[in-house]
1. Apply the membrane-span-like helix rule to the chain: whole DSSP H runs, Cα extent along the own long axis of at least 27 Å, mean Kyte-Doolittle hydropathy at least 0.5. List the helices found.
2. With the other protein chains left in place, how much accessible area per residue, in square angstrom, belongs to the chain at a 1.4 angstrom probe?
3. Pop out the carbon and sulfur fraction of the accessible area of the stretch 22-74 as a percent, whole number, probe 1.4 Å.
4. Stokes-Einstein at 37 °C, 0.692 mPa s, Kirkwood radius from Cα pairs: D for the stretch 66-159 in µm² s⁻¹?
5. As a test of the definition: which semi-axes, in Å, follow for the chain when you take the square root of five times each eigenvalue of its alpha carbon gyration tensor? Largest first, please.
6. Please report the relative contact order for the stretch 1-138, taking Cα pairs under 8 Å with a sequence separation of at least 6, and give it as a percent rounded to a whole number.
7. For the modelled label position 7 Å from the Cα of residue 69 along Cα-to-Cβ, which residues of the stretch 119-136 have backbone nitrogen atoms closer than 15 Å?
8. What's the FRET efficiency of residue 77 with residue 152 using the Cβ-Cβ distance as r and R₀ = 30 Å, to the nearest 0.05?
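The values are calculated or read from the model by the stated rules, or taken from the named source; none is laboratory data. If you're wondering where the values come from, they're calculated on a predicted model, not measured in any experiment. We place every Cβ from the backbone using ideal geometry, glycine too, and count neighbours over all the protein chains shown. Just the protein is used for accessible areas: all its heavy atoms, side chains included, with ligands, DNA and RNA removed. Shrake-Rupley method; radii C 1.70, N 1.55, O 1.52, S 1.80 Å.
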Amino acid sequence: MNTERLAAFSDGLFSVMITIMVLELRVPIGQISWGVFGEMMPMLLTYVLSFVYGGIFWINHHYLLAATRRVNSGILWANLNFLFWLTLIPFVTAWVDENQVAPVPVATYGGVLLMVILSYRLLEHVLFRAHHGNALIVRTLRQGLRERVSILALMVAIALSFVAPYAAVVIYVAIAIMWVLPDRELEEALND
């Protein structure tokens, strides 16, 4: 199997995930005023954060598959595992919104993000094993400081969410900001 089918299927699930999130946004009913918009702001900000995370994962996944030259059943299953956790983002986004940043939904949001990152790392590992040592994917991708900091920060945020859920959300935002730019080394290697 070539990587094009894998990328097309994955891109489809990314699209569905984002569509589900936007469908969760509710249109205000009744008199329209800036006050109503202010009441909607937490929901919109949660959507923006989840959309940014979806974009971060999509961009990194895009580069990962662009560097992939072969696909096997292990890679397909590892990719499905990654996509499974990714598709839970709309659910936890809606749960955080519906419960006004309550501790358990905020912790679950972080738990899903953590599982997405860990499943992505598993996908990378399976891809590494499927390629020879001199392959582009093996030479350029390796777990760096951002990955370790993100995993540790998510674990801290999950624990913190039970006592200070808004502080946990700030950590989730900080992690997203850290990942807005993709891996420059891989991007340059693919462009060469």
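1. Once both thresholds are applied, what remains is 3-24, 34-66, 103-130.
2. Working: 10450 Å² over 192 residues.
Accessible area per residue: 54 Å².
3. 69 percent
4. Numbers: Rh = 14.6 Å.
Approximately 225 µm²/s, per Stokes-Einstein.
5. 33, 18, 14
6. Values: 108 pairs, mean separation 44.2, N = 138.
Value for the stretch 1-138: 32 percent.
7. 127-136
8. In this case the efficiency is close to 0.65.
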